[in-house]
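**Student:** This is the structure I want to talk about, given as structure tokens.
The values are calculated or read from the model by the stated rules, or taken from the named source; none is laboratory data. Note that this is a predicted model, so its numbers are computed, not measured. As a convention, Cβ positions derive from the backbone with ideal geometry for all residues, glycine included, and neighbour counts pool all protein chains shown. For accessibility, only protein heavy atoms count, side chains too; no ligands or nucleic acids. Shrake-Rupley method; radii C 1.70, N 1.55, O 1.52, S 1.80 Å.
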Amino acid sequence: SLRFAELINILSRQANVAILIDEYDKPILENATSDNLEEIRRVLEDFYAIVKSTEAQQRFVILTGVSKFSKVSVFSKLNNLTDITMDARFATMLGYTQRELEENFSQYIDPIAEKMKLKPQELLDQTRDWYNGYQFETDAKTVYNPVSIGKFFIAEGKFSNYWFSTGTPTFLLKLAKEQHFDFEKAISEPVAELAFEAYEIGKLKTLPLLFQTGYLTIKETIKDDCDTFYKLGFPNREVESAFQAYLLDDYAGVNKEDVAVIVAKLVRYLKANDVNAFMENLQVFFADIPYDIQLPNEKYYQTIFYVLFRLVGLRVEAEARTNRGRIDAVVHT
């Protein structure tokens with residue numbers, strides 16, 4: 001922190017400085033379950049305190065990161081920040097809108113469409129399905145992931161999980177397991193605005209992290225007289241298929257590379273009405289579950305069923321209520 005202060009003081013002799021800090025929360029997330037987390041927090045707190053104490057020498061400051069920790073957790077000495085996480089003025093700043101894509105990338109779109117024997121609009125529809133869908137404010141336009149769309153054009157139109165391959169959500173999956181997170185509920189039921197508020201270090205929650213890291217996004221906003229609620233969902237095909245494959249890899253022990261192959265088999269058996277073959281292949285996803293996962297952790301099994309049937313392309317309802325009791329899972333063909 002002393003070196004940081006010295007750097008600002010020296011540079012500001014020429015002109016007021018711009019301070020850009022990316023991934024401010026990485027030291028916390030990488031050590032979220034470590035014993036020395038409080039020590040790390042104190043070091044960060046002292047570092048960010050310099051931003052406050054040198055305010056007179058600054059022209060501009062921006063901090064970006066994945067998580068939204070409360071000012072008490074990290075910024076107790078830097079209490080004059082403006083949070084723009086869900087600010088309408090900046091909601092489309094970090095991605096391409098549909099209009100921006102079509103206006104600025106036509107030199108790629110037309111040749112790729114011709115190569116794939118598609119009309120440009122047909123290619124745009126497929127591209128939107130794969131890489132658009134992020135919404136960062138209730139009424140904002142959705143945006144494309146710039147990493148994915150850039151790599152898609154470089155690869156001359158090959159649809160693939162480009163952004164997802166840049167990092168594995170290991171920490172998120174571990175947290176979801178520990179908290180017995182209900183993925184079906186998160187996607188099917190509205191959540192209150194409070195779910196996106198900042199949280200304390202040591203009290204991480206799966207849902208806001210899924211939203212903040214881009215695995216879930218706003219799909220619908222519901223307002224009543226007292227509050228605002230959001231329905232969340234996967235932003236696009238890239239994120240949904242890849243994240244669910246990682247989930248099955250982590251929960252069921254089936255290699256994510258093999259998930260697509262097995263799911264394709266399940267679809268074929270369903271279409272052929274071959275229930276026995278379908279059930280036999282379904283068991284692959286449950287064969288390697290640790291023997292000590294017992295009924296108190298029933299959500300573990302439900303997550304596998306729910307994710308698997310979403311990948312198959314069917315509508316699944318967990319814990320379906322009937323007049324004769326509850327059914328673990330109902331699958332609608």
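**Student:** Only one residue in TYR230, TYR246, TYR291 is of a type in the set (Phe, Trp, Tyr), under 23 Å from VAL191 (Cβ atoms) and either modelled with pLDDT under 80 or open to solvent by 20 Å² or more (accessible area, probe 1.4 Å) (or both). Which one?
**Tutor:** TYR246
**Student:** One residue is enough: does the range 68-81 have a residue meeting the conditions crowded, with 18+ Cβ neighbours inside 10 Å and of a type in the set (A, V, I, L, M)?
**Tutor:** Yes.
**Student:** Is there any pair with a first residue in the range 56-80 that is of a type in the set (Gly, Ala, Ser) and a second that is open to solvent by 50 Å² or more (accessible area, probe 1.4 Å) and at pLDDT 70 or above whose Cβ atoms are under 6 Å apart and which are 6 or more apart or on different chains, and what are they?
**Tutor:** If the second residue must be open to solvent by 50 Å² or more (accessible area, probe 1.4 Å) and at pLDDT 70 or above, the pairs left are GLY65/GLU23.
**Student:** Can you tell which of VAL284, VAL239 is touching a residue at least 12 places away in the same chain (Cβ under 8 Å), of a type in the set (Val, Ile, Thr) and either in contact with a Phe, Trp or Tyr (Cβ under 6 Å, 6 or more places away or on another chain) or under 25 Å from ARG128 (Cβ atoms) (or both)?
**Tutor:** Within the list VAL284, VAL239, the selection yields VAL239.
**Student:** Hey, another quick one. I'm trying to understand the selection: among the residues of the range 156-171, which are open to solvent by less than 70 Å² (accessible area, probe 1.4 Å) and either outside any helix (DSSP H, G or I) or at pLDDT 80 or above (or both)?
**Tutor:** Matches in the range 156-171: GLY157, PHE159, SER160, ASN161, TYR162, TRP163, GLY167, PRO169.
**Student:** Can you name the residue in the range 46-67 that is in a helix (DSSP H, G or I) and of a type in the set (Phe, Trp, Tyr) and, of all such residues, is least open to solvent (accessible area, probe 1.4 Å)?
**Tutor:** Once the filter is applied, the top-ranked residue is TYR48.
**Student:** Go through (1) loosely packed, with under 12 Cβ neighbours inside 10 Å; (2) within 30 Å of LEU124 (Cα to Cα); (3) modelled with pLDDT of 95 or more for ARG89 and report which single condition fails.
**Tutor:** Status for ARG89: all satisfied but (3).
**Student:** Specify the residue that is most open to solvent (accessible area, probe 1.4 Å); the eligible residues are those in the range 4-25 that are under 28 Å from the mean Cα position of the chain (by Cα) and modelled with pLDDT of 85 or more.
**Tutor:** Here the residue is LEU20.
**Student:** Additional query: For the range 249-274, what are the residues that are among the small types (Gly, Ala, Ser) and either free of Cβ contacts under 8 Å to residues at least 12 places away in the same chain or surrounded by fewer than 19 Cβ atoms within 10 Å (Cβ to Cβ) (or both)?
**Tutor:** GLY253, ALA260, ALA264, ALA272
**Student:** While we're looking at this one, here's another question. Output the residues belonging to the range 79-131 that are hydrophobic (A, V, I, L, M, F, W, C), under 18 Å from GLU156 (Cβ atoms) and touching a Lys or Arg at 6+ places or on another chain (Cβ under 9 Å).
**Tutor:** LEU101, ALA113, TRP130
**Student:** Additional query: Residues of the range 1-36 being under 28 Å from THR213 (Cβ atoms), out of contact with any helix residue (DSSP H, G or I) (no Cβ under 7 Å at 6 or more places or on another chain) and part of a helix (DSSP H, G or I), which ones?
**Tutor:** The one that is under 28 Å from THR213 (Cβ atoms), out of contact with any helix residue (DSSP H, G or I) (no Cβ under 7 Å at 6 or more places or on another chain) and part of a helix (DSSP H, G or I): LYS26.
**Student:** Can you find a residue in the range 188-200 that is at pLDDT 85 or above and either open to solvent by 40 Å² or more (accessible area, probe 1.4 Å) or of a type in the set (Phe, Trp, Tyr) (or both)?
**Tutor:** Yes: one or more hits.
**Student:** Same structure again: Please find, within the range 92-115, the residue that is surrounded by the fewest Cβ atoms within 10 Å (Cβ to Cβ) out of those that are in a helix (DSSP H, G or I) and hydroxyl-bearing (Ser, Thr, Tyr).
**Tutor:** Going through the qualifying residues, I end up with SER106.
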